[in-house]
Amino acid sequence: MNLSSLVAAFRPGALVSVQVPRMLADVPRFSEIVLRMPLRRYQREPLRAIMQSILKRQGLEFLLVFPRQSGKNEAVAHLLVYLLNLYRRWGGNIIYGATGTGLGLGIERLEARLDNAWNLGQWTRKARPDRRGLDDAQVVFLSTNPTATARGQTAHHLLIIDEAQDASSSHIEAVFSPMRAAYNATAVYIGTVK
C-alpha cells in the first residue's frame with residue numbers, strides 16, 4: 001500500500017478534497033498545516049525515514065536519541081497523529097510502550113495533539129488497555145514494566161518503545177518484538193544517553 005492509495009481512500013467531511021493530499025503529503029507538512037506546529041529540521045528527516053519504512057512494510061528499527069528537552073516525544077506525537085489520520089479508514093494498531101510516568105505523558109501528549117482543528121471531537125478514548133483512535137486506527141498504550149501484562153496485541157504499522165534505555169531488553173524482545181511479526185511493523189526506540 002502506498003501513500004497515494006491511503007490518501008485516495010481518505011474522505012474528510014468538511015475539507016475540500018484538493019486540500020487532503022497536500023496535508024497528508026508527509027509528516028512535516030501535516031505538522032505545519034494541521035497541527036500548526038512546524039517540526040525542526042533534525043526532527044523531520046528521522047520521521048520521513050520512519051514513514052518510508054511503514055509505508056513500504058520494511059519492518060526497519062529506528063533509535064531516536066535526542067538530548068533531553070529537545071522534542072523527541074513531541075516529534076513522535078506528531079507522527080502518531082499523522083498515522084491515525086492516514087490510516088483512519090484502513091485501520092490497524094500502533095503500539096506505544098512506556099513505563100512509569102512516560103506512559104501517562106505519552107497519552108496526554110497524543111490527546112493534546114489530537115485536539116487540533118481537524119480532529120477535534122472525532123477521536124475516541126478506550127480503556128483496557130488504554131487506546132486513543134480515529135475511526136478504525138488506534139494507538140494502544142502498554143506498560144513496558146516486566147510485571148505488567150502486555151501480551152496479545154498486534155502492531156500493524158508501528159511499535160514505539162519510549163525511554164528504551166530504561167526498559168529491560170529481554171522483556172522487550174520477549175513481549176513487544178513479537179507484536180511486530182505478523183505485519184512486519186516498523187519499530188522506533190526513543191531514548192536519551194545516560
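The numbers here are math on the coordinates, done by the rules we state, and not lab data. It should be emphasised that the depicted structure is a prediction, and the values quoted were computed from it without experimental measurement. So basically every Cβ, Gly included, is an ideal-geometry build from the backbone, and we count neighbours across all protein chains shown.
Tabulated results
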{"quantity": "Derived scalar couplings ³J(HN,Hα) [region 174-183; Karplus, 6.51 cos²θ - 1.76 cosθ + 1.60; whole Hz; x for Gly, Pro]", "calculated": "7, 9, 8, 4, x, 5, 8, 4, 4, 10"}
{"quantity": "The chain - percent relative contact order, Cα under 8 Å, separation 6 or more", "calculated": "25"}
{"quantity": "Estimated [θ] at 222 nm from DSSP helical runs (n ≥ 4, -39500 (n - 2.57)) normalised by residues in the chain, nearest 500", "calculated": "-9000 deg cm²/dmol"}
{"quantity": "Mean Cβ neighbour count within 10 Å, used as a protection proxy, ranking 24-31, 147-154 highest first", "calculated": "24-31, 147-154"}
{"quantity": "Region 87-99 - phi-based ³J(HN,Hα) in whole Hz, Karplus 6.51/-1.76/1.60, Gly and Pro as x", "calculated": "9, 4, 8, 8, x, x, 9, 10, 9, 10, x, 7, 10"}
{"quantity": "Net length gained if the chain between ASP135 and VAL65 were fully extended (0.36 nm per residue, minus Cα distance)", "calculated": "22.0 nm"}
{"quantity": "ILE160 long-range amide H proximity, modeled H, under 5 Å", "calculated": "ILE95, TYR96, GLY97, VAL188"}
{"quantity": "Principal axis dimensions, largest first and in whole angstrom, of region 40-128 by Cα", "calculated": "31, 31, 27"}
{"quantity": "Extension reserve of the ILE33-ARG57 stretch, reckoned as 0.36 nm per residue once the Cα distance is removed", "calculated": "6.0 nm"}
{"quantity": "Region 29-43 - phi-based ³J(HN,Hα) in whole Hz, Karplus 6.51/-1.76/1.60, Gly and Pro as x", "calculated": "5, 4, 4, 6, 7, 8, 7, 6, 9, x, 7, 6, 4, 5, 8"}
{"quantity": "DSSP beta bridge pairing in the chain, given as percent antiparallel to the nearest 5", "calculated": "25"}
{"quantity": "Amide H partners (placed H, <5 Å) of GLU61, local residues excluded", "calculated": "ALA187"}
{"quantity": "Spacing of the two label points (7 Å from each Cα toward its C-beta) at ALA174 and ARG48, in nm", "calculated": "4.1"}
{"quantity": "Cα-Cα P(r), region 53-188, percent of pairs per 5 Å interval", "calculated": "2, 10, 21, 25, 22, 14, 5, 1, 0"}
{"quantity": "Residue-span extension gain [ARG41 to ASP166] - 0.36 nm each, minus C-alpha spacing", "calculated": "42.3 nm"}
{"quantity": "Rounded to 10°, Cα long-axis angle of helix 101-114 versus longest principal axis of the chain", "calculated": "0"}
